[in-house]
Amino acid sequence: MQANRTTLKRFYNAFAHLDPDVMAGCYAPDVRFRDEVFAIEGRDQVMAMWRMLCDSARTSGRADWKLNYRVISVDADTGRLHWSAHYRFGKVQRPVHNRIQSNFCFNATGQITQHHDKFDFWRWSRQALGLPGLLLGWSPQLRRQVRSQALDGLNRYITAHPILAQDRPDTTQGNH
(Lines give C-alpha, C1' and ligand atoms only; values in the text may rest on other atoms or scores of the structure.)
Protein backbone atom coordinates (compact mmCIF):
# COMPACT_ATOMS: atom_id res chain seq x y z
CA MET A 1 0.00 0.00 0.00
CA GLN A 2 2.82 2.42 0.84
CA ALA A 3 4.51 1.58 -2.47
CA ASN A 4 1.35 2.63 -4.32
CA ARG A 5 1.15 5.95 -2.45
CA THR A 6 4.83 6.52 -3.20
CA THR A 7 4.21 5.81 -6.90
CA LEU A 8 1.41 8.38 -7.06
CA LYS A 9 3.49 11.03 -5.30
CA ARG A 10 6.48 10.30 -7.52
CA PHE A 11 4.36 10.51 -10.67
CA TYR A 12 2.64 13.80 -9.80
CA ASN A 13 5.75 15.45 -8.36
CA ALA A 14 7.51 14.60 -11.64
CA PHE A 15 4.54 15.87 -13.64
CA ALA A 16 4.55 19.12 -11.66
CA HIS A 17 8.19 19.51 -12.76
CA LEU A 18 7.37 18.38 -16.32
CA ASP A 19 9.72 15.39 -16.01
CA PRO A 20 8.28 12.58 -18.18
CA ASP A 21 11.32 10.34 -17.66
CA VAL A 22 10.49 9.94 -13.97
CA MET A 23 6.77 9.61 -14.78
CA ALA A 24 7.50 6.70 -17.15
CA GLY A 25 8.98 4.61 -14.35
CA CYS A 26 5.66 4.73 -12.50
CA TYR A 27 3.80 2.87 -15.26
CA ALA A 28 3.72 -0.87 -15.94
CA PRO A 29 4.63 -1.80 -19.54
CA ASP A 30 1.00 -2.79 -20.27
CA VAL A 31 -0.65 0.27 -18.69
CA ARG A 32 -4.02 1.46 -19.95
CA PHE A 33 -4.85 5.16 -19.87
CA ARG A 34 -8.23 6.78 -20.43
CA ASP A 35 -9.59 10.28 -20.05
CA GLU A 36 -12.13 12.51 -21.80
CA VAL A 37 -9.86 12.79 -24.85
CA PHE A 38 -7.52 9.77 -25.02
CA ALA A 39 -7.96 6.01 -24.69
CA ILE A 40 -4.51 4.48 -25.19
CA GLU A 41 -2.56 1.44 -24.08
CA GLY A 42 1.05 0.53 -23.40
CA ARG A 43 3.72 2.55 -21.61
CA ASP A 44 5.27 3.78 -24.89
CA GLN A 45 1.98 5.17 -26.17
CA VAL A 46 0.88 6.60 -22.83
CA MET A 47 4.26 8.20 -22.25
CA ALA A 48 4.28 9.70 -25.73
CA MET A 49 1.08 11.50 -24.70
CA TRP A 50 2.60 12.74 -21.43
CA ARG A 51 5.83 13.79 -23.20
CA MET A 52 3.77 15.72 -25.74
CA LEU A 53 1.82 17.45 -22.95
CA CYS A 54 4.98 18.24 -20.96
CA ASP A 55 6.67 19.65 -24.08
CA SER A 56 3.59 21.75 -24.78
CA ALA A 57 3.53 23.12 -21.23
CA ARG A 58 7.23 24.01 -21.49
CA THR A 59 6.85 25.80 -24.84
CA SER A 60 3.55 27.49 -23.95
CA GLY A 61 5.14 29.31 -21.08
CA ARG A 62 6.62 27.40 -18.19
CA ALA A 63 5.68 30.32 -15.93
CA ASP A 64 1.99 29.57 -16.47
CA TRP A 65 2.28 25.85 -15.62
CA LYS A 66 1.11 24.84 -12.17
CA LEU A 67 -0.04 21.47 -10.87
CA ASN A 68 -1.48 20.59 -7.47
CA TYR A 69 -2.62 17.18 -6.30
CA ARG A 70 -4.09 15.43 -3.30
CA VAL A 71 -4.07 11.68 -2.73
CA ILE A 72 -7.59 10.69 -1.61
CA SER A 73 -7.16 6.99 -0.93
CA VAL A 74 -4.75 4.15 -1.61
CA ASP A 75 -4.97 0.45 -0.87
CA ALA A 76 -3.12 -2.66 -2.03
CA ASP A 77 -4.66 -2.58 -5.52
CA THR A 78 -6.17 0.85 -6.22
CA GLY A 79 -5.78 4.56 -5.63
CA ARG A 80 -7.76 7.78 -6.02
CA LEU A 81 -6.35 11.22 -6.45
CA HIS A 82 -7.61 14.72 -7.27
CA TRP A 83 -5.38 17.08 -9.20
CA SER A 84 -5.63 20.39 -10.96
CA ALA A 85 -3.49 22.00 -13.61
CA HIS A 86 -3.13 25.60 -14.77
CA TYR A 87 -1.69 25.96 -18.27
CA ARG A 88 -2.12 27.62 -21.65
CA PHE A 89 -3.83 25.78 -24.49
CA GLY A 90 -3.75 25.98 -28.27
CA LYS A 91 -2.49 28.50 -30.76
CA VAL A 92 -4.34 31.31 -28.99
CA GLN A 93 -2.78 30.25 -25.66
CA ARG A 94 -6.01 30.39 -23.69
CA PRO A 95 -5.56 30.01 -19.93
CA VAL A 96 -7.03 26.76 -18.59
CA HIS A 97 -7.62 25.55 -15.06
CA ASN A 98 -8.61 21.90 -15.28
CA ARG A 99 -9.74 19.83 -12.28
CA ILE A 100 -9.31 16.09 -12.61
CA GLN A 101 -10.34 13.05 -10.59
CA SER A 102 -8.05 10.08 -11.15
CA ASN A 103 -8.45 6.39 -10.41
CA PHE A 104 -5.59 3.90 -10.55
CA CYS A 105 -4.90 0.19 -10.39
CA PHE A 106 -1.47 -1.10 -9.40
CA ASN A 107 0.50 -4.29 -9.91
CA ALA A 108 2.33 -6.12 -7.12
CA THR A 109 5.45 -3.96 -7.57
CA GLY A 110 3.55 -0.68 -7.20
CA GLN A 111 3.48 0.28 -10.88
CA ILE A 112 0.32 1.78 -12.37
CA THR A 113 -1.54 -0.67 -14.64
CA GLN A 114 -4.66 1.43 -15.18
CA HIS A 115 -5.00 5.20 -15.06
CA HIS A 116 -8.40 6.82 -15.59
CA ASP A 117 -8.72 10.61 -15.48
CA LYS A 118 -12.14 12.22 -15.41
CA PHE A 119 -12.89 15.91 -15.84
CA ASP A 120 -15.77 18.12 -16.92
CA PHE A 121 -15.25 18.26 -20.66
CA TRP A 122 -17.66 21.17 -21.17
CA ARG A 123 -15.91 23.23 -18.49
CA TRP A 124 -12.54 22.44 -20.04
CA SER A 125 -13.73 23.18 -23.59
CA ARG A 126 -15.14 26.60 -22.60
CA GLN A 127 -11.70 27.58 -21.33
CA ALA A 128 -9.53 25.85 -23.94
CA LEU A 129 -11.63 26.46 -27.06
CA GLY A 130 -13.43 29.70 -26.25
CA LEU A 131 -16.76 30.35 -28.00
CA PRO A 132 -16.96 26.97 -29.79
CA GLY A 133 -16.45 25.24 -26.44
CA LEU A 134 -19.04 27.42 -24.78
CA LEU A 135 -21.62 26.74 -27.48
CA LEU A 136 -20.82 23.11 -28.32
CA GLY A 137 -18.73 21.72 -25.45
CA TRP A 138 -21.67 19.61 -24.30
CA SER A 139 -22.10 17.97 -27.72
CA PRO A 140 -20.80 14.53 -28.67
CA GLN A 141 -19.78 15.99 -32.05
CA LEU A 142 -17.29 18.46 -30.53
CA ARG A 143 -15.98 15.76 -28.19
CA ARG A 144 -15.36 13.45 -31.18
CA GLN A 145 -13.64 16.27 -33.05
CA VAL A 146 -11.36 17.08 -30.10
CA ARG A 147 -10.52 13.38 -29.66
CA SER A 148 -9.71 13.02 -33.34
CA GLN A 149 -7.52 16.14 -33.40
CA ALA A 150 -5.74 15.07 -30.20
CA LEU A 151 -5.04 11.61 -31.60
CA ASP A 152 -3.77 13.14 -34.85
CA GLY A 153 -1.56 15.44 -32.80
CA LEU A 154 -0.21 12.51 -30.79
CA ASN A 155 0.57 10.58 -33.96
CA ARG A 156 2.35 13.62 -35.45
CA TYR A 157 4.31 14.01 -32.22
CA ILE A 158 5.38 10.36 -32.30
CA THR A 159 6.39 10.66 -35.96
CA ALA A 160 8.46 13.74 -35.17
CA HIS A 161 10.12 11.91 -32.26
CA PRO A 162 11.01 8.49 -33.76
CA ILE A 163 12.54 7.19 -30.55
CA LEU A 164 9.01 7.19 -29.13
CA ALA A 165 7.65 5.09 -32.00
CA GLN A 166 9.31 1.88 -30.83
CA ASP A 167 6.79 -0.87 -30.19
CA ARG A 168 3.89 1.55 -30.24
CA PRO A 169 0.41 0.15 -30.79
CA ASP A 170 -1.56 1.21 -33.85
CA THR A 171 -3.55 4.35 -32.99
CA THR A 172 -5.35 4.63 -36.31
CA GLN A 173 -8.35 2.83 -34.82
CA GLY A 174 -9.36 5.91 -32.82
CA ASN A 175 -10.44 6.22 -29.23
CA HIS A 176 -12.80 3.96 -27.37
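The values are calculated or read from the model by the stated rules, or taken from the named source; none is laboratory data. Predicted model, so just to flag it, every value in this text is computed and none were measured. Here Cβ is always computed from backbone atoms with ideal geometry, including for glycine, and neighbour counts include all displayed protein chains. Heavy atoms of the whole protein, side chains included, go into the accessibility calculation; ligands, DNA and RNA do not. Shrake-Rupley method; radii C 1.70, N 1.55, O 1.52, S 1.80 Å.
If the cut-off is a Cα-Cα distance under 15 Å, which aspartates and glutamates reach LYS118, setting aside same-chain residues fewer than 8 apart in sequence?
In chain and number order, the partners are ASP35, GLU36.
For the stretch 1-121, what is the percent of antiparallel DSSP beta bridges, rounded to the nearest 5?
90
Can you give me the angle between helix 43-59 and the longest principal axis of the chain, using Cα atoms only, in degrees from 0 to 90, rounded to the nearest 10?
Value to nearest ten degrees: 50.
Excluding same-chain residues fewer than 8 positions from LYS66, which lysines have a Cα within less than 17 Å of its Cα?
LYS9
Ignoring ligands, DNA and RNA, what percent of the 1.4 Å accessible area of the chain is carbon and sulfur?
With neighbouring chains kept in place, the figure for the chain is 52 percent.
First measure r as the distance between the Cβ atoms of ARG62 and ALA160, then evaluate 1/(1 + (r/R0)^6) with R0 = 25 Å and state the FRET efficiency to the nearest 0.05.
Efficiency computed from Cβ-Cβ geometry: 0.75.
Sort 31-42, 136-147 for me by packing, meaning the mean count of neighbouring Cβ atoms within 10 Å per residue, highest on top.
31-42, 136-147
By how many degrees, 0 to 90 and rounded to 10, does the Cα axis of helix 2-16 deviate from the longest principal axis of the chain?
The answer is roughly 30 degrees.
Quick check for me: using +1 on Lys/Arg Cβ and -1 on Asp/Glu Cβ, what's the dipole size of the stretch 40-164 about its Cα centre, in debye to the nearest 20?
The calculation lands at about 540 debye.
Out of TYR12, LEU134, GLY110, whose Cα points farthest toward the positive end of the dipole of the chain (charges: +1 Lys, Arg; -1 Asp, Glu; placed on Cβ)?
Towards the positive end, the residue furthest out is LEU134.
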